[in-house]
Structures are given as C-alpha cells and as structure tokens.
1. From the list 50, 86, which residue is over 17 Å from residue 23 (Cα atoms), without any contact (Cβ under 8 Å) to a residue 40 or more places away in the chain and hydroxyl-bearing (Ser, Thr, Tyr)?
2. Within region 52-71, track down each residue that is outside any strand (DSSP E or B) and either within 14 Å of residue 129 (Cβ to Cβ) or in contact with a Phe, Trp or Tyr (Cβ under 8 Å, 6 or more places away or on another chain) (or both).
3. So if I check each of 110, 90, which one is under 13 Å from the mean Cα position of the chain (by Cα) and either closer than 21 Å to residue 27 by Cβ or part of a strand (DSSP E or B) (or both)?
4. Among 138, 118, which is out of contact with any Lys or Arg (no Cβ under 6 Å at 6 or more places or on another chain), assigned to a loop (DSSP other than H, G, I, E, B), at pLDDT 95 or above and under 24 Å from residue 49 (Cβ atoms)?
5. Can we say residue 108 is of a type in the set (S, T, N, Q), out of contact with any helix residue (DSSP H, G or I) (no Cβ under 6 Å at 6 or more places or on another chain) and at pLDDT below 85?
Amino acid sequence: MYEDNVLISKSIFNISNDSQIRGFQQVWTETTTDITPIALNAGPFEPLVSHPGKEIYVNPYPMFTSSVSGGIVTADKLPKLRITASGFTYELEPKIKEDRGFGDSAVTLYYAGYTLPENVVPGKYAIRLNFKDWGITEPLCKLLEIK
C-alpha cells in the first residue's frame with residue numbers, strides 16, 4: 001500500500017462491507033504469545049513456509065471475538081483449513097487459540113492453530129477455509145510452502 005509514492009505497508013487486508021463474506025484475516029507460522037501486533041498488522045505479504053508436523057495459525061475473517069464478560073467461542077465455530085497441491089488435499093481441524101489481552105484487553109480474540117500432517121507431501125499449497133455455515137472460501141492470495 002502506498003501513500004503518494006511512499007510504501008507504507010506490505011500487508012494483506014481483507015476489506016468488505018458485506019457481512020456474509022468469509023476469508024482470511026491473517027496467516028502466520030511463528031509461535032508468539034502477543035497476537036495483537038499480528039492481528040492489527042493484517043499479515044505481511046511474504047512467503048508462508050512451514051514443515052510437516054508444525055502448526056500454522058489463522059485469524060479468519062470476520063474475526064471471532066468476545067467481551068471479557070461475554071461468552072466464549074469454541075473450536076467447532078472455527079473453520080477447517082483445506083490445503084491442496086498437485087492432486088493432494090488435506091483438511092485440517094482447528095485447535096482453538098486465544099489472546100485474552102487483544103488490543104486494549106477489552107476483548108478476547110479467538111483464532112485457530114492447524115497442525116500439518118507428518119506425512120504431508122512437500123510442495124506449494126493453495127489454502128482455503130471451510131466454514132460450516134458458509135462453505136469453502138477462495139484461496140489465500142499466496143501459497144503455503146511445505147518443505
């Protein structure tokens with residue numbers, strides 16, 4: 001994203017005024033306890049690289065949040081992750097993750113961790129989310145490389 005001729009962000013943003021749209025907010029591969037910078041940065045447009053048996057993380061769009069005094073989001077509400085390449089398809093179950101100090105600590109952010117199978121074939125995979133109530137999204141605009 002540019003402001004005049006100055007690069008101000010290399011982030012991927014999902015912007016919509018349609019409340020029915022589903023997709024990716026962010027995808028990242030590093031482990032961190034402070035999700036707020038990742039969730040607010042919207043994910044740098046850099047390669048996604050991981051390995052069999054490792055976990056990757058997805059903050060879906062729209063985000064799953066609750067107030068401190070509100071209810072919780074359970075794993076069955078989060079989408080599955082579908083990765084596909086060269087005739088191979090894997091559908092991964094979400095493991096719920098949370099950041100109770102999201103933003104200014106007024107809300108809890110729920111996101112998903114997905115463990116790549118140990119037997120996943122190395123390659124570059126298109127990744128999609130499979131929402132129970134909506135269906136399968138279009139692929140993320142970058143590939144997941146599994147080495």
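The values are calculated or read from the model by the stated rules, or taken from the named source; none is laboratory data. Quick caveat: nothing in here was measured; it's all calculated off a predicted structure. Positions of Cβ are backbone-derived with ideal geometry, glycine not excepted, and every protein chain shown enters the neighbour counts.
1. Criteria check complete, one pass: 86.
2. 62, 63
3. Sole residue among the options that is under 13 Å from the mean Cα position of the chain (by Cα) and either closer than 21 Å to residue 27 by Cβ or part of a strand (DSSP E or B) (or both): 110.
4. Values: 138 fails: at pLDDT 95 or above.
Within the list 138, 118, the selection yields 118.
5. It is true that residue 108 is of a type in the set (S, T, N, Q), out of contact with any helix residue (DSSP H, G or I) (no Cβ under 6 Å at 6 or more places or on another chain) and at pLDDT below 85.
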